[in-house]
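Contents: one structure, followed by commentary.
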Amino acid sequence: MIKKHLVLLACSLIAVTGCNTGSKTPQTSKDTYYETMEVSLSDRTLTTGYSAAISGVQTVEIRPQVSGMITDILIEEGETVWKDQVLFVIDQTPYKAAYEIAVANVKSAEAALSTAQLILESNKNLYEQDVVSEFDLMTAQNDLTEAEARLALCKAEEVNASNNLSYTEVRSPVNGVASMIPYRVGALVSSSIAQPLVTVSDDSRVYAYFSMAENQMLDMVQQYGSLNNAIRQMPEVELIMSNGDRYEHTGKINAISGTISESTGSVSIRAVFNNRNHLLRNGGSGTIIIPTTLQDCIVIPQSATYELQDRIFVYKVVDGKASSTEIHVAPQNNGVEYIVESGLEVGDIIVAEGAGLIKEGTPIKSRNAATEAQNDSLTTAEDKE
């Protein structure tokens, strides 16, 4: 009986040892999976930036219309000024004297004209009575004509003197903001001075001037049909200020040059922005951002491509293997995706990531399909439990 138990124990030990040995299986290599995607149509809005120079809608260099010494400056540098506001006063003394002389000359001429009229009437009566000759009558007529001309000349001189006197008060022709003032009280100025007294810029609205290459302009005209249609239908544009911040108001393109610069081969374009808070100033700079909306286009990530000799390629998945395919993309992109113009069709399967690490003919197992299969397996196992 004891021998029988010993035999059974030995058999059990052998069986356990055999089971432990058989549990070790050879290690297999792990499969490589790739991110893939199916090519489809979608919409994208791309943006293009253009360097721009900012200018007030109206900038006026103000110079005096008469010569003289500045006796008063009535504005501060950088101050907001209004149309017809007096900015400077030029010495009025000689111009007041000239005006008073002109007024006196007018009165003298009016008196002379009145006297000439009386003499002519008298000579007419005397001529009818044969008291004076025809020569005396004609002389009186000529004296009257001369007196009328003299009065007209004196009145013109009075108007001129009055204008010169008014010009001693230098006024702003527009609303705007004053620039720095290079002159001080006591400076002698004239209409021919090199530097203006002040520059007034109306910056309630500002213009942003920028240039677009000829081929881009042609694409735009073809897209909208004409320059006028482009101006009316183009979307609103944005402005990135020189400090890198985005300006709070959007603008609108309102003018496109009808000629192409021979020196640069570009077209000048103007956009207008509201500037009620006067944040933008005449002479500033920025970057105009123009959006372009593309509809029903093929969009792929740039990570799905690789370049070879300035040509762009993707790997299609054909019969489970990588097949290199050249594509042509739009010149505009957002730095993350490409707009494919040719080389791919809707429904194509391509490798979405790591295209530069794959070779022609590499077997492609989709990571997406593997994940879906694993999820299905887990779901089935849970259902069985």
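A few remarks follow.
- Meets criteria (modelled with pLDDT of 90 or more, within 37 Å of the chain's Cα centre (by Cα) and among the hydroxyl-bearing types (Ser, Thr, Tyr)) for residue 315: no
- Filtered by the rule that a residue be aromatic (Phe, Trp, Tyr) and part of a loop (DSSP other than H, G, I, E, B), the range 152-201 gives a lone residue, 183.
- Filtered by the rule that a residue be surrounded by fewer than 13 Cβ atoms within 10 Å (Cβ to Cβ) and closer than 15 Å to residue 219 by Cα, the range 230-243 gives a lone residue, 233.
- Considering residues of the range 153-173 that are among the hydrophobic types (A, V, I, L, M, F, W, C) and crowded, with 18+ Cβ neighbours inside 10 Å only, the residue farthest from residue 187 (Cα to Cα): 154
- When 336, 351, 340 are screened for being exposed (fewer than 13 other Cβ atoms within 10 Å of the Cβ), of a type in the set (A, V, I, L, M) and in contact (Cβ under 8 Å) with a residue 24 or more places away in the chain, only 336 passes.
A quick yes/no check of all residues on (1) at pLDDT 85 or above; (2) among the hydrophobic types (A, V, I, L, M, F, W, C):
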residue: 180; (1), (2): yes, yes
residue: 189; (1), (2): yes, yes
residue: 192; (1), (2): yes, no
residue: 198; (1), (2): yes, yes
residue: 209; (1), (2): yes, no
residue: 219; (1), (2): no, no
residue: 241; (1), (2): yes, yes
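- Within the range 257-289, if we keep just the residues that are at pLDDT 90 or above and of a type in the set (Val, Ile, Thr), the residue that is nearest to residue 202 (Cα to Cα) turns out to be 272.
- Here the strands (runs of 3 or more DSSP E) wholly within the range 224-332 that include at least 2 residues being out of contact with any His (no Cβ under 9 Å at 6 or more places or on another chain) and in the same structural domain as residue 351 (by TED's automatic domain parsing) are 285-301, 305-308, 311-318, 321-329.
- Residue in the range 321-330 that is touching a Pro at 6+ places or on another chain (Cβ under 7 Å) and modelled with pLDDT of 90 or more present: yes
The values are calculated or read from the model by the stated rules, or taken from the named source; none is laboratory data. As the structure is a prediction and not an experimental result, all values here were calculated from the model. A quick note on method: Cβ atoms are made from the backbone with ideal geometry, for glycine too, and the neighbour counts reach across all protein chains shown.
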